[in-house]
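The values are calculated or read from the model by the stated rules, or taken from the named source; none is laboratory data. Quick caveat: nothing in here was measured; it's all calculated off a predicted structure. Cβ placement follows ideal geometry from the backbone for every residue including glycine, while neighbour counts extend to all protein chains displayed.
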Amino acid sequence: MTKKILLVMWVLFSGVLLFAQADDKRLKEVNKLAAKEAKDGWNKGGGIGFDLTGLRLINPRVGAGDNKFGIGGLGTFFFNLKQGKNFWDNGLTFQLAVQSLKIGNTTKYQKNLDVLRLNSRYGHQIKEKLFGAIDLGVETLLLPTYQNNYLAGENLEKPLAKLFSPARITLSPGLDYKPNTHFSVFFAPIGIKMIYVADDDIANLGIHGTQLKDENDPSKGYENMFFQAGANLQAKYLNKFWNDKVSYSTTLDLFSNYLHNPQNIDVLWGHALDLAITKNLSLSFMGELFYDHDIDVNVDRNEDGVYGGAAAGELGKRASMTGGYYLKYNKIF
């Protein structure tokens, strides 16, 4: 990875340490929460967030800008089950943001963000804070995507991506260490990671990390699946501060493929900071760093603020960073 990526990771990690070192004056509340979580049965909850932006100009001044409208949303839900020494944790999250663009007399809709994730982990307690577990993760997108991230193509243009084209799937058996209710570390010395592209036409674009069927004959197209086996490390931290007015969570996921360039570590590092406004309403700030040496991302090679699609020379092996803020409604059910 580049020095810039390492610098960004260091800054983010420093932020994690600052939150982790904050004085937690809620010992009684934490003990109550731990007692609640110790009970058998289901623990369910979730939250939905929205953001809305708009600008309407009539006879705008030179350099004032253009009309725009954007809408985005996120959802996060969890369904956790505990029965004696066994646990089953499930999580579903999605993020989607779309903006309208006025190009001449035509209005086009472009995606800013589209991610759908499902995580499921089943475990059995070995010792007080140590569990044997198996972890399943699936990541894909919701809406079809065309050139330059548009939601609709022209002249019967085929999509570049859609639901389960691609999908990233991980399956890892390992050990889950939970020293307290705030922090956990999961390590799998050998796990499986797959890039799956269900649509043959999208797979044959060769932009999602799958390999050629025949390196000597590119006309045969690309495989629908790229199989990897390697080590997986996942760390999670979650805590609340200042009388539950602020909550912070971070998740770090690292994967090394033993079969191909194990020195290139895949990184997925997410952060979420919630500021409580009312009992069920909060302002959420979210950020994420993604890097996978086998997957190309859009690159602004001209540094003009425009990110290309799958056109030649507009993709590269770089880190992808996203960030946003949402007004989120939290509903515990």
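Worth pointing out:
- Of the residues making up region 103-114, those that are part of a strand (DSSP E or B) and either out of contact with any strand residue (DSSP E or B) (no Cβ under 8 Å at 6 or more places or on another chain) or within 24 Å of Gly84 (Cα to Cα) (or both) are Ile103, Thr106.
- For region 119-147, the set of residues classified as out of contact with any Phe, Trp or Tyr (no Cβ under 8 Å at 6 or more places or on another chain) and not in a loop (DSSP other than H, G, I, E, B) consists of Asn119, Gly132, Leu136, Gly137, Val138, Glu139, Thr145, Gln147, listed by residue number.
- Of residues in region 262-282 being of a type in the set (S, T, N, Q) and within 19 Å of Leu327 (Cβ to Cβ), the one surrounded by the most Cβ atoms within 10 Å (Cβ to Cβ): Ser282
- The listed residue being under 30 Å from Lys328 (Cβ atoms) and surrounded by 15 or more Cβ atoms within 10 Å (Cβ to Cβ), out of Lys213, Lys245, Lys193, Lys236: Lys236
- Unmet criterion (only one of (1) free of Cβ contacts under 8 Å to residues at least 40 places away in the same chain; (2) surrounded by fewer than 18 Cβ atoms within 10 Å (Cβ to Cβ)) for Leu252: (2)
- Selection count, region 115-166, where residues are in contact with a strand residue (DSSP E or B) (Cβ under 9 Å, 6 or more places away or on another chain), of a type outside the set (A, V, I, L, M) and within 30 Å of Phe187 (Cβ to Cβ): 17
- Every test in (1) more than 23 Å from Asp253 (Cα to Cα); (2) assigned to a strand (DSSP E or B); (3) not aromatic (Phe, Trp, Tyr) is passed by Leu171 save one, and that test is (1).
- Residue match in region 284-293 (condition: of a type in the set (Gly, Ala, Ser) and touching a residue at least 60 places away in the same chain (Cβ under 8 Å)): yes
- Members of region 283-294 found to be more than 11 Å from Ala319 (Cβ to Cβ) and out of contact with any Leu (no Cβ under 6 Å at 6 or more places or on another chain), listed by number: Ser284, Met286, Gly287, Asp294
- Per-region count, region 76-91, residues within 21 Å of the chain's Cα centre (by Cα) and crowded, with 16+ Cβ neighbours inside 10 Å: 6
- Within region 267-313, considering residues that are of a type in the set (Ser, Thr, Tyr) and not in a loop (DSSP other than H, G, I, E, B), the one modelled with the highest pLDDT: Tyr291
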